[in-house]
Protein chains: 2
Amino acid sequence: MTVPGLRERKKQKTKAAIQRAALRLFKRQGYEETTVEQIAAAADISESTFFNYFPSKEDVVIYDEYDPQIFAALATGKHDEPLAKSIEKLIGALGGLFEADHDAIYERAKLSLEVPELRAHAWEELEKARDLFRSIIAARTGHPASALAVRVISTAFVGAAFEASLEWVRSGGKGNMIDLLKKAIDAIGFYGMLDRLGSKASSR
Amino acid sequence: MTVPGLRERKKQKTKAAIQRAALRLFKRQGYEETTVEQIAAAADISESTFFNYFPSKEDVVIYDEYDPQIFAALATGKHDEPLAKSIEKLIGALGGLFEADHDAIYERAKLSLEVPELRAHAWEELEKARDLFRSIIAARTGHPASALAVRVISTAFVGAAFEASLEWVRSGGKGNMIDLLKKAIDAIGFYGMLDRLGSKASSR
DNA sequence: CTAGATTTTTACAGTCGCTCTATTTATAGT
DNA sequence: ACTATAAATAGAGCGACTGTAAAAATCTAG
C-alpha cells in the first residue's frame, strides 16, 4: 500500500472529471440521448480515452471512487462481536457516506434505478455486495459460503437495500436512507434469519 | 379472448422457430459469439424480420411462450384461502411447468444466469414477477402495494427464487427446483414475514 | 378469381457503443 | 538530455439496433 504517485492522482482526477461531465450531460439531456462522443467532447478528451477510463458508458454512472475503500473496510471487520452488531454498525457507517456526498450519490442512484438499461446493471453491482456479504456471514457462522441458506439470506439483504434505495430515490433523496434500510431489513426479519442460521451468529 | 386466427398461429410458429434456431447456435458456439445475422440465416429469415419478432438479441433467450398464461393464472388466484396456502399451491404448479419442458427451460436458465449481459436482464424479468407478487400480497393483506414492507417482502421472495434457480443450474438441472425453492423461502422465513404483515394474511 | 387493401418480409442506409491496432505525445527515472 | 514506459489519439471495423421505403405474401370484396 504505497502512496499513490503524481501520475496515479492525475488519472483519478481525469476519471472524476469525465464522470462529472457525463453526469452533467445525463441530467440535462438524458442518458440515452447522450452519446459517448459528446461526453468525450465535454471532458475534452478523445473517445478512445473515454474507453481507457471506463469500459462502457454504463460504468461512468456506476463507478464510485470510494467503493474500493468501502469494500475493503467491510471485508476486514472485527470478529469479536455478534454478527448482527457488526451489520448494524455497517449500516450506520453507510449513513455517513451518504451524507458526505449526497447530491452526486443521489444523481447516480436516480439514473441507476430509472434508466432501464442501467437498472439491470445496478443489480449486477448489488451482486458484488451480496458476495462480500456472503463471505462475511459464512466466515462468522461457520457455514460454507456456498450453502443455500447463506446465499439466500445475503440476497435478501441486498434486495432489501435495493428496495430501500428505490424508496429513497422516489422521495427525491429527501428521506433518510438509513431509516429506510432499517425498516426494510426489519420487514423481512433479517436478524431472525441470522439467528436461525446458527448460534454462532447471534451469540459470542 | 377469441381464438387466435390462422395468421396469429403462424406468427407464433415462426417466433418459436427463431428461438429454437438461436438457442441451438448459442449452445454450440456461445451467446456472444453468435451474431443476429447467423440466427437469421439459421432460421431462414432476414435480419430485419428477426427484429420484428424480438426487440433485441437478449429477448430471444428471455422469451417464454407460456409466460402470459402463467401470469394470468397467478393474477386470478382465489381469495378464499390463506395467502400462504395460495403461494404453496403456486409453487407446486410451477413444478409442473418445469417438468413439462425441462430441457428448453434449463438451457434458457443456464444462459440467463451465466452470460453476464443476460443475467442483468434476468433480474429485470424477475422484477415483473415481483410486481405481480406485490399486487397479490397487497390485495390479500389490505396493505397498499406501495408499502415498503410489501415491496421488500416481494423482493425477498423473488430473490429466493433467483438463488434457487442459480442452485438448480449449478446442479446441471438435475436437482429438484421445487425443493430448492422451498428450502430457499424457508431460510428467509418467508411465511413468518407474511404473518408479521398482518392477520389477514395468515388467517381467514 | 381477381383487384385492391393490408400485413409481413426484406433491403439498405445510418447511428452508436465498443474493440483493436498503430502512431503520437507526455512523463519518470537515469 | 535520453530512454523506457505509459497515456492519448486517430482511424478502421464489427455488431446490435433503428428507420424508411420497396417488394412479397396474404386477406377481403366484388
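Out of curiosity, is B:I70 within 16 Å of DNA strand C (Cβ to nearest atom) and buried (at least 16 other Cβ atoms within 10 Å of the Cβ)?
No.
Scanning for something modelled with pLDDT of 95 or more, within 11 Å of DNA strand C (Cβ to nearest atom) and in contact with a Phe, Trp or Tyr (Cβ under 7 Å, 6 or more places away or on another chain), does region B:39-62 turn up at least one residue?
yes
Being small (G, A, S) and out of contact with any Gly (no Cβ under 6 Å at 6 or more places or on another chain) is the filter here, so list the residues in region A:154-186 that pass it.
Within region A:154-186, A:S154, A:A160, A:A161, A:A164, A:S165, A:S171, A:G172, A:G173, A:G175, A:A184 meet the criteria.
Inside region A:182-197, can you point out the residues that are of a type in the set (A, V, I, L, M) and within 9 Å of chain B (Cβ to nearest Cβ)?
Passing the criteria: A:A184, A:I185, A:A187, A:I188, A:M193, A:L197.
Could you grab the pairs with beta carbons closer than 6 Å, sequence gap of 6+ or different chains, first residue in region A:73-94 and more than 16 Å from A:K182 (Cβ to Cβ), second one modelled with pLDDT under 80?
Filtered contacts from region A:73-94: A:P82/A:S202; A:P82/A:R204; A:L83/A:A201.
So, B:E65, is that one under 18 Å from the mean Cα position of the chain (by Cα), in a loop (DSSP other than H, G, I, E, B) and surrounded by fewer than 16 Cβ atoms within 10 Å (Cβ to Cβ) or not?
It is true that B:E65 is under 18 Å from the mean Cα position of the chain (by Cα), in a loop (DSSP other than H, G, I, E, B) and surrounded by fewer than 16 Cβ atoms within 10 Å (Cβ to Cβ).
Restrict the check to region B:59-69 and report whether at least one residue is within 14 Å of chain A (Cβ to nearest Cβ), farther than 29 Å from B:G175 by Cα and not aromatic (F, W, Y).
The answer is no; no qualifying residue exists.
Within region A:19-28, does at least one residue satisfy the condition of being more than 17 Å from A:S112 (Cβ to Cβ) and either under 24 Å from the mean Cα position of the chain (by Cα) or of a type outside the set (D, E) (or both)?
yes
Go through (1) buried (at least 18 other Cβ atoms within 10 Å of the Cβ); (2) more than 10 Å from chain A (Cβ to nearest Cβ); (3) farther than 29 Å from A:E117 by Cα for B:N176 and report which single condition fails.
Failed condition: (1).
What residue, of B:K57, B:K85, is of a type in the set (K, R) and within 11 Å of DNA strand D (Cβ to nearest atom)?
B:K57
Going through region B:103-135 one residue at a time, which ones are buried (at least 18 other Cβ atoms within 10 Å of the Cβ) and either of a type in the set (K, R) or touching a Gly at 6+ places or on another chain (Cβ under 7 Å) (or both)?
B:R108, B:K110, B:R119, B:R130, B:R134 - these are the residues of region B:103-135 that are buried (at least 18 other Cβ atoms within 10 Å of the Cβ) and either of a type in the set (K, R) or touching a Gly at 6+ places or on another chain (Cβ under 7 Å) (or both).
So which helices (runs of 4 or more DSSP H) are wholly in region B:68-147 and hold at least 3 residues that are at pLDDT 90 or above? It would help to see each step written out before you state the result.
Details: elements: B:83-100, B:102-114, B:116-141.
Of the helices (runs of 4 or more DSSP H) lying wholly inside region B:68-147, those with at least 3 residues that are at pLDDT 90 or above span B:102-114, B:116-141.
For A:T141, all conditions in the list (1) within 12 Å of chain B (Cβ to nearest Cβ); (2) over 30 Å from A:V115 (Cα atoms); (3) buried (at least 20 other Cβ atoms within 10 Å of the Cβ) hold save one; what is the number of the exception?
A:T141 satisfies every listed condition except (1).
Working only within region A:54-69, note down all residues that are of a type in the set (D, E, K, R), touching a helix residue (DSSP H, G or I) at 6+ places or on another chain (Cβ under 6 Å) and touching a residue at least 40 places away in the same chain (Cβ under 8 Å).
The initial filter retains those residues of region A:54-69 that are of a type in the set (D, E, K, R), namely A:57-59, A:64-65, A:67.
Now drop any that are not touching a helix residue (DSSP H, G or I) at 6+ places or on another chain (Cβ under 6 Å), which leaves A:57-58.
The one that is of a type in the set (D, E, K, R), touching a helix residue (DSSP H, G or I) at 6+ places or on another chain (Cβ under 6 Å) and touching a residue at least 40 places away in the same chain (Cβ under 8 Å): A:E58.
Note down all Cβ pairs under 9 Å where the first residue falls in region B:31-44 and is under 15 Å from B:V61 (Cβ atoms), the second is more than 9 Å from DNA strand D (Cβ to nearest atom) and assigned to a loop (DSSP other than H, G, I, E, B), and they're at least six residues apart or on different chains.
Listed pairs, sorted by first residue: B:Y31/B:V115; B:E32/B:V115; B:I39/B:I45.
Scan region A:6-28 and tell me whether some residue there is assigned to a loop (DSSP other than H, G, I, E, B) and surrounded by fewer than 17 Cβ atoms within 10 Å (Cβ to Cβ).
No.
May I ask you to verify whether A:I91 is under 30 Å from A:L194 (Cβ atoms) and aliphatic (A, V, I, L, M)?
yes
Given the structure, is B:A21 more than 25 Å from A:S56 (Cβ to Cβ), small (G, A, S) and within 16 Å of DNA strand C (Cβ to nearest atom)?
Considered against the rule, which asks whether it is more than 25 Å from A:S56 (Cβ to Cβ), small (G, A, S) and within 16 Å of DNA strand C (Cβ to nearest atom), B:A21 comes out as yes.
A quick yes/no check of all residues on (1) within 18 Å of B:A75 (Cβ to Cβ); (2) outside the structural domain of B:E32 (by TED's automatic domain parsing); (3) among the aromatic types (F, W, Y):
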| position | (1), (2), (3) |
| --- | --- |
| B:H121 | no, yes, no |
| B:V150 | yes, yes, no |
| B:F157 | yes, yes, yes |
| B:A161 | yes, yes, no |
| B:A184 | no, yes, no |
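If A:E37 passes every condition in (1) part of a helix (DSSP H, G or I); (2) surrounded by 15 or more Cβ atoms within 10 Å (Cβ to Cβ) but one, which one does it miss?
It fails just one condition, (2).
Given the structure, is A:R151 basic (K, R), closer than 27 Å to B:M177 by Cα and surrounded by 23 or more Cβ atoms within 10 Å (Cβ to Cβ)?
In short, yes.
The values are calculated or read from the model by the stated rules, or taken from the named source; none is laboratory data. A quick note: this is a predicted structure, and the numbers were derived from the prediction, not measured. When we count neighbours, we look across all protein chains shown, and the Cβ atoms used for this are built from the backbone with ideal geometry, even at glycine.
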